[in-house]
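The values are calculated or read from the model by the stated rules, or taken from the named source; none is laboratory data. Since the structure is predicted, the reported quantities are computational estimates derived from the model, not experimental observations. Here the Cβ is made from the backbone with ideal geometry for all residues, glycine too, and neighbour counts use every protein chain on show. SASA here: full protein model, heavy atoms, side chains in, ligands and nucleic acids out. Shrake-Rupley method; radii C 1.70, N 1.55, O 1.52, S 1.80 Å.
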Amino acid sequence: MRRLLAPLIYLSAVSALSALDLASPFSSHMVLQRDREIPVWGTSDPNISVTVRFADQETITTTDSKGKWSVSFSPLGAGGNYTLSASSGSENIALVNITMGDVWICSGQSNMQWSIKQSKNPVEETAAADYPDIRILTVPRITHTEPQSTFKASWAPCSPDSISNFSAVGYFFGRKVHQTTGVPIGLISTNWGGTPAEAWTPLDTLNSHPEYLPILERRTQFLKEQAERDADPDYQLPEDWKKRPRPQKQAAMLYNQMIHPLIRVPIRGVIWYQGEGNANRAEQYRTLFPAMIHSWREAWGQGDFPFYFVQLANYLDRNAEPVEHPWAELRDAQFETLAIPNTGMAVAIDIGEAKDIHPKNKQDVGKRLALWALAHDYGITEPKGSLGSWPLIGRFFQQPIVYSGPLYSGSEVNDKQIRIRFDHIADGLASSDGQPLVGFSIAGADRKFVWANAVIEGETVVVSHPDITEPAAVRYGWSANPAVNLVNTAGLPASPFRTDDWPGVTVGKQ
């Protein structure tokens with residue numbers, strides 16, 4: 001038995017001591033970004049030759065003094081079943097079943113982390129998840145104080161055996177895109193529940209904005225206390241340890257370990273579901289979230305790649321009267337982020353759950369994100385208006401698919417009323433339930449909001465109240481869990497909005 005096991009023990013020891021390695025994002029079954037230069041990098045012994053082969057291409061390089069090497073290959077179109085190999089001396093690595101397609105990062109907090117098995121119809125969805133050209137990778141949830149370049153995880157083809165623990169929003173997004181386009185899709189799930197945006201933002205970005213000093217001070221204090229704990233051999237967790245600051249909530253701690261190792265990977269874009277962790281600092285989120293987006297784009301160096309995010313869903317008890325609320329302000333901050341080029345927002349104000357911050361319906365969330373990508377990145381069209389009923393004629397009169405519900409675009413006061421204009425009305429505005437519009441409130445100069453009458457007139461909504469003869473502002477869906485029913489003819493819900501810029505309850509909170 002010892003003689004039989006000896007060769008296996010020897011091979012295992014050689015493997016453990018092997019110097020040649022490919023970077024963490026590379027493994028068998030992966031998707032590489034199509035139609036772009038293909039970078040491949042890794043490590044070996046210092047100052048030695050490494051030969052790398054991919055498809056019909058081969059290149060030879062030499063490692064630097066630290067053993068790092070990097071090569072690149074010419075772009076390839078979608079599809080294929082390729083092998084990526086690297087060799088150095090007697091060492092060889094071969095990765096198989098690699099395809100070219102579109103790679104999307106799926107990031108954020110718990111509603112992006114939420115898995116198939118935790119979502120609606122988990123048994124049926126898992127059993128039907130047989131898509132060999134969708135490949136998935138989950139980055140481990142680990143923090144670090146400094147930017148890192150490695151993690152331990154491997155790609156897997158999407159199957160009933162691999163999908164149940166994967167991000168539900170990520171999967172439903174990728175499935176819709178793949179089903180519609182036929183393009184292989186790579187999904188990289190890198191997310192962590194309960195985390196704020198600053199944890200996903202590089203430290204350099206936060207340091208360059210004086211208004212984020214309180215965020216940085218919290219990080220400094222946390223690291224100081226952590227060092228003191230680590231230095232005390234007799235340290236015991238306090239009774240309230242679950243309520244104390246956690247590393248994953250501190251500035252840059254997730255970016256360093258869960259984003260930075262990916263920034264050399266060519267991608268098609270990002271989908272993002274986060275905001276709950278910053279709701280009590282919604283005013284700050286107006287600059288923090290855009291700063292994070294800009295920092296990722298700068299790090300990847302791929303220009304303004306698509307960044308599509310989910311607006312917070314409805315949650316908590318419904319208010320009988322109009323109120324001020326941090327969640328309403330956070331949604332407004334997300335809405336304002338659409339001013340950044342090549343961003344998009346999936347509205348989820350109609351599919352949340354009052355008693356569950358993790359609504360089970362992740363199918364519609366993923367689909368609504370996918371609509372933005374299909375319209376903007378894949379050029380998917382549909383027949384204009386009623387021409388969909390006439391396929392032979394409709395194919396000659398195409399328009400981009402409807403990818404958003406109504407978005408507030410402006411207003412004007414006229415004759416004791418405020419008329420609201422919208423973008424993305426499709427073929428018109430409608431009530432989702434056939435009932436009068438709800439969710440609109442109106443105020444005069446005293447800033448006291450009351451429920452309003454709202455009527456669709458053509459492509460606008462006219463809002464009024466008999467007791468307010470000089471209206472100054474209108475709000476829609478302005479609470480944590482509003483009753484709302486404004487949609488376009490495609491059935492996509494309108495985003496909550498406000499016409500005023502009056503200070504909210506989160507102003508000054510840092």
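3J(HN,Hα) along region 225-230, derived from phi through the Karplus expression 6.51 cos²θ - 1.76 cosθ + 1.60 where θ = phi - 60°, amounts to 5, 5, 4, 5, 5, 5 Hz, with x in place of Gly and Pro. The antiparallel fraction among DSSP beta bridges confined to the chain stands at about 70%.
For the chain, the longest principal axis of the Cα atoms and the long axis of helix 282-300 meet at an angle of about 30 degrees.
The HN-Hα couplings worked out from phi for region 343-357 by the Karplus form 6.51 cos²θ - 1.76 cosθ + 1.60 (θ = phi - 60°) are 10, x, 10, 8, 7, 10, 5, 10, 10, x, 9, 4, 9, 9, 5 Hz, whole numbers, x standing for Gly and Pro. Quick one: helix 2-17 against the long Cα principal axis of the chain, what's the angle to the nearest 10°, folded into 0 to 90? It works out to around 60 degrees. For region 160-212, the alpha-carbon coordinates run over 46, 24, 12 Å along the three principal axes, in decreasing order. Per the Debye formula on identical point scatterers at the alpha carbon atoms of the chain, with no solvent, log10 I(q)/I(0) at q = 0.08 Å⁻¹ is -0.58. Here the chain is assigned +1 on the Cβ of each Lys and Arg and -1 on the Cβ of each Asp and Glu. Its dipole about the Cα centre then comes out at about 1040 debye. In this structure the amide hydrogen of Ala55, modeled in the peptide plane, comes within under 5 Å of the amide hydrogens of Thr83, none closer than 5 places in sequence on its chain. Global size of region 141-248: 19.2, 59 Å for Rg and Dmax (C-alpha atoms, Rg to one decimal, Dmax whole).
Of all accessible surface on the chain at a 1.4 Å probe, what whole percent is carbon and sulfur? The value for the chain is 50 percent carbon and sulfur by accessible area.
Taking the Cα centre of each part, how many Å lie between region 210-234 and region 474-506? Cα centroid of region 210-234 versus Cα centroid of region 474-506: 39 Å apart. Positive end of the charge dipole of region 434-503 (Lys, Arg +1 and Asp, Glu -1 on Cβ, about the Cα centre): tell me which of Val484, Thr460, Phe449 has its Cα farthest that way. The residue sitting most towards the positive pole is Val484.
Over the chain, accessible surface divided per residue gives 46 Å², non-protein components excluded, 1.4 Å probe.
Shape annotation for region 400-495: C-alpha extents along the principal axes are 42, 27, 20 Å, from largest to smallest.
Treating each Cα of region 442-502 as an identical point scatterer and summing with the Debye formula, the log10 of I(q)/I(0) at q = 0.16, 0.26, 0.27 Å⁻¹ comes to -0.55, -1.26, -1.31.
Dividing the summed -39500 (n - 2.57) terms of all DSSP H runs of n ≥ 4 by the residue count of the chain sets its mean residue ellipticity at 222 nm at -6500 deg cm²/dmol. Both radii are taken from the alpha-carbon atoms of region 84-151; with Rh as the Kirkwood radius, Rg/Rh is 1.07. Every pair of different Cα atoms in region 22-72 enters the Kirkwood calculation, which places the hydrodynamic radius at 11.7 Å. For the listed residue pairs Lys66/Lys152; Lys176/Lys384; Lys242/Lys360; Lys120/Lys176; Lys416/Lys448; Lys120/Lys242, the alpha carbons are over 19 angstrom apart in Lys66/Lys152; Lys176/Lys384; Lys242/Lys360; Lys120/Lys242.
In whole Å and largest first, what semi-axes does the C-alpha gyration tensor of region 61-121 yield when each eigenvalue is scaled by 5 and square-rooted?
Numbers: eigenvalues 235, 64, 36 Å².
Working through the eigenvalues yields semi-axes of 34, 18, 13 Å.
A dipole drawn for the chain from +1 and -1 charges on Cβ atoms has a positive end, and of Thr180, Ser495, Ser87 the residue lying farthest that way is Ser87.
Which angle between 0 and 90 degrees, to the nearest 10, do you get for helix 168-181 versus the longest principal axis of the chain when only C-alpha atoms count? Tilt of helix 168-181: around 90 degrees.
Looking at region 207-291, the GluC sites (Glu not before Pro) that sit in a DSSP loop and have at most 13 other Cβ atoms within 10 Å of their own Cβ are Glu239.
In terms of packing, defined here as the mean over residues of other Cβ atoms within 10 angstrom, the peptides 432-440, 488-496 line up highest first as 488-496, 432-440. Per residue, the convex hull spanned by the Cα atoms of region 256-312 measures out at 89 cubic angstrom. Taking 20 °C and 1.002 mPa s as conditions, region 196-244 diffuses translationally at an estimated 169 µm²/s according to Stokes-Einstein applied to its Kirkwood radius (Cα pairs). Across region 85-97, computed HN-Hα scalar couplings (Karplus, 6.51 cos²θ - 1.76 cosθ + 1.60, θ = phi - 60°) run 10, 9, 9, 8, x, 8, 8, 9, 10, 9, 9, 10, 6 Hz from first to last residue, x flagging Gly and Pro. As a ratio to 2.2 N^0.38 Å, the alpha-carbon radius of gyration for region 269-384 is 1.14.
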